[in-house]
Amino acid sequence: MKFPCRIDKFVSHINELPRSKVKILIKKGAVAINGEVTKKSDTQIHADDLIEVSGKHLKYLGKRYFMLNKPQGYICANHDELHPTVFDLLNEPNLKNFHVAGRLDIDTTGLVLITNDGDWSHQITSPKKEKFKTYLVETKEIITEDCLEKLRQGVALHNEKQHTRPALAQAIDKYALRLSICEGKYHQVKRMLAAVGNHVVELHREKISDIILDPNLAMGEYRHLTQQEVDIINAK
């Protein structure tokens, strides 16, 4: 939210109410700015103003950033009629303007970043910014050196005109590798492994840029990012 802004927009945003209902509250004298009742919906306010609705103080929480350890069975969307979403795991106020910075498939686990800072998330999702996402990949077939080299060079995906960008690929054992990519195409890791004649059995994201999934977070748990973690994305 940018300041100065209209009082009706601010109250609507914080209370997650339709603007029409907020305007009715304002006309009834239920809204005060710095202790003074206002009945004008277009009154401009600033970030440091004290806003009250029916005697209750409203606080603008600003830009927020969360790290979530995503379980299987959850989708990276704000709402869905068929499946639970990652937002169902967050016990936080005012999440309607939040989004996932780099989605995961429903059966993929691991690091998900959630924020209301669009510029920050663009740094993560834009391939031009080269923010690598690192995955632990378990496969059906043995990982060969030829497979790794093809992934490192970039592979042709079905129905894609261009090859994938060069990836970082390292074998962990016969049936597992660590793969880092800076793109976010639909089912990209699964399609990349299919392109080299293999099949993904399990997929887990460990890291985005230099933000590492907190090992203390159990599946379904989350925490705020530290300022240092937030700055990692802006610094590169």
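Some observations on this one:
- Residue match in the stretch 152-163 (condition: touching a strand residue (DSSP E or B) at 6+ places or on another chain (Cβ under 6 Å), at pLDDT 95 or above and in the same structural domain as Gly102 (by the TED database)): yes
- Test: residue in the stretch 46-58 that is farther than 16 Å from Asn116 by Cβ, of a type in the set (Val, Ile, Thr) and not assigned by the TED database to the domain that holds Thr109: yes
- In the set His79, His57, His122, His83, only one residue is part of a helix (DSSP H, G or I) and surrounded by fewer than 19 Cβ atoms within 10 Å (Cβ to Cβ); that residue is His122.
- Candidates Asp173, Asp146, Asp214, Asp210 - the one that is modelled with pLDDT of 95 or more, in contact with a helix residue (DSSP H, G or I) (Cβ under 6 Å, 6 or more places away or on another chain) and either farther than 27 Å from Ile75 by Cα or in the same structural domain as Asn91 (by the TED database) (or both): Asp210
- Screening Asp48 against (1) closer than 30 Å to Leu136 by Cα; (2) assigned to a loop (DSSP other than H, G, I, E, B); (3) open to solvent by 20 Å² or more (accessible area, probe 1.4 Å) leaves a single unmet condition, (1).
- Considering (1) touching an Asp or Glu at 6+ places or on another chain (Cβ under 8 Å); (2) in a loop (DSSP other than H, G, I, E, B), the lone condition that Lys39 does not fulfil carries the number (1).
- Scan of the stretch 9-32 for residues that are among the aliphatic types (A, V, I, L, M) and closer than 24 Å to Asn97 by Cα, ordered by number: Val11, Ile14, Leu17, Val22, Ile24, Leu25, Ile26, Val31
- Helices (runs of 4 or more DSSP H) wholly inside the stretch 129-236 containing at least 3 residues that are open to solvent by 70 Å² or more (accessible area, probe 1.4 Å): 145-153, 227-235
- Selection within the stretch 1-31 - farther than 26 Å from Arg64 by Cβ and in contact (Cβ under 8 Å) with a residue 12 or more places away in the chain: Lys23, Ile26, Lys27, Ala30
- From the options Pro93, Pro84, Pro127, residue that is at pLDDT below 95 and under 30 Å from Tyr60 (Cα atoms): Pro93
- Conditions (1) assigned by the TED database to the domain that holds Arg223; (2) in a loop (DSSP other than H, G, I, E, B); (3) surrounded by fewer than 17 Cβ atoms within 10 Å (Cβ to Cβ); number of the one not met by Leu104: (3)
The values are calculated or read from the model by the stated rules, or taken from the named source; none is laboratory data. Keep in mind it's a predicted model, so treat the numbers as computed, not measured. We place every Cβ from the backbone using ideal geometry, glycine too, and count neighbours over all the protein chains shown. Side chains are part of the model used for accessible areas, which takes the heavy atoms of the whole protein and leaves out ligands, DNA and RNA. Shrake-Rupley method; radii C 1.70, N 1.55, O 1.52, S 1.80 Å.
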